[in-house]
Amino acid sequence: MNFANVTLGQYIPTGSFIHRLDPRAKFFSLMFIVTALFPAHNVLELGIWIVILFALVRASKISWPSLLRSAKPVMFLVIFTFAFNIISMSFTNSFYNALSHALFMSSRLFILMLFAIMLPLTTAALELADGLDALLHPLERFKFPVHECSMMIAMALRFIPLLMQETDKIIRAQLSRGARLDQGNIFKRAMAFIPVLIPLFVIIFRRADEIAVAMEARGYNGGEGRTRRKPLAWKFKDTCAVVLSAIISGVLVFII
C-alpha cells in the first residue's frame, strides 16, 4: 500500500456549494444521515442512499478516486464485517443467505464511512475545530475543555496526511535495506513492521513536541479570550441543508 497516496482527513478545496456550508450544518446533516443509514434493512433503501452519495460527490466536485483513496485506511473494517457476518450466518443459514447478508452489511458500512469521510474532505481543519467548538460550547459550564478537544481533533486530521507520507518514506527506506514486509504469515509480517513503527513513533513525538513549543511561543493558552479570523455565520442555505437532510432521513426511516 502506498501511504503517500492516502488522503484521509485531507481537505480538498473545490469551492463547491457543500464546501461553503457552515461546518455546524454539515455536522447536523451527517448526524441525520448516519442515524437513518445505520438501521437500513433493505436493498431499496440502500440503493437510494447510494444515489444520494453520488449526488453529494458530484455537488462537492470531489473526484471518486480521491474519495476512495481516503477510504483505504478503514477498508479493514469493511472486510472484517463481511468475514464476520458470513461466518456467523453460515451456522444457521444457507451459504447463499449468509453471503447476501454479509454483502449487505459490509456495503452499508462502506457507504456510511464514505458519507463520514466527505466531512473532512469538504471542510478545512480550522472550520472543523470552530464547528465542534460551537456545538460543544454548552459543555463548558461543566468545566469540559471544549476548545482544547476540538483543537486536538482538527490537528489530528490535519497531520494524518503528513504522517502517511512519513510512513511511506520509512517503508521505502526499509525496503531498500532488504526488509521483507510482505512475506511470511501474519505474525512474521507484524514483526517485520517493528522497524517501521519505532521511527514512526519517534517522528510523531518529535512533531508533537515541536507543535507544543510553537504554540507556547505564540502565547496559546486555550480558548479563553480567543477570537476567530472568520467567525461562523449561520445562513439560510445552512438551514435548508439541515432540513433537507432531516426530511430525507425521516422518509427513508419511517416510510420505506
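The values are calculated or read from the model by the stated rules, or taken from the named source; none is laboratory data. The structure displayed is predicted, hence computed values, not measured ones. For neighbour counting, all protein chains shown are included, and Cβ atoms are generated from backbone atoms with ideal geometry for every residue, glycine included. Each accessible area value is taken on the protein alone, full model and side chains, heavy atoms only, with ligands, DNA and RNA left out. Shrake-Rupley method; radii C 1.70, N 1.55, O 1.52, S 1.80 Å.
Exposure check, 1.4 Å probe, all protein chains in place: residue 107 carries approximately 50 Å² of accessible surface.
GNM remark for the chain: springs join alpha carbons under 10 Å apart, and the peak mean-square fluctuation among 245, 66, 90 falls on 90.
Take every Cα-Cα pair in region 147-225 and report what % of them are more than 14 Å apart. Cα-Cα pairs of region 147-225 separated by over 14 Å account for 72 percent. Ranked from largest to smallest solvent-accessible area, with a 1.4 Å probe on the protein heavy atoms, 101, 147 come out as 101, 147. Only Lys, Arg, Asp and Glu carry charge here, each on its Cβ (+1 for the first two, -1 for the last two); on that basis the chain has a dipole of about 500 debye about its Cα centre.
Per residue, region 57-174 exposes 54 Å² of solvent-accessible protein surface, assessed with a 1.4 angstrom probe and all protein chains in place.
With the whole protein complex present, residue 230 retains an accessible surface near 140 Å², based on a 1.4 Å probe. Along region 154-169 the Karplus relation, 6.51 cos²θ - 1.76 cosθ + 1.60 evaluated at θ = phi - 60°, assigns HN-Hα couplings of 5, 5, 5, 5, 5, 9, 4, x, 5, 5, 5, 5, 5, 4, 5, 5 Hz to successive residues, with x for each Gly and Pro.
What shape does region 80-173 have by the C-alpha gyration tensor, where a ≥ b ≥ c are the square roots of the eigenvalues, rounded means a/c under 1.5, and otherwise prolate means a/b greater than b/c and oblate the rest? Write down the numbers at each step before the final one.
Details: a/c = 3.04, a/b = 1.69, b/c = 1.80.
Taking the square roots of the gyration eigenvalues as a ≥ b ≥ c, region 80-173 is oblate.
Kirkwood analysis of the Cα pair distances in region 120-190 returns a hydrodynamic radius of 15.1 Å. Note on the chain: GNM, Cα springs under 10 Å; of 235, 169, 61, the largest mean-square fluctuation is that of 235.
How would 227, 239 rank on accessible area, largest to smallest, probe 1.4 Å? Don't skip to the end; give the middle numbers.
Details: 227 125, 239 55 Å².
Putting 227, 239 in descending order of accessible area: 227, 239.
Annotation: lysines with alpha-carbon distance below 19 angstrom to residue 230 (same-chain offsets under eight excluded): 26.
Only one residue of 145, 87, 128 has its Cα farthest out toward the positive end of the dipole of region 65-182, where Lys and Arg carry +1 and Asp and Glu -1 on Cβ, and that residue is 87.
Sorted by accessible area with a 1.4 angstrom probe, largest first, how do 49, 64, 234 fall? Mind showing how you got there, number by number?
Details: 49 5, 64 75, 234 105 Å².
Ranked list, largest accessible area first: 234, 64, 49.
Binned at 5 Å from 0, what are the whole-percent values of the Cα-Cα distance distribution for the chain, short to long? Taking all Cα pairs of the chain, the binned fractions are 1, 5, 10, 13, 14, 15, 14, 12, 9, 5, 2, 1, 0 percent.
Express the carbon and sulfur contribution to the solvent-accessible surface of region 147-225 as a percent, rounded to the nearest whole number, probe 1.4 angstrom. Kindly include the intermediate steps, with their values, before the conclusion.
Working: 3520 of 5550 Å².
For region 147-225, the apolar C and S fraction of the accessible surface comes to 63 percent.
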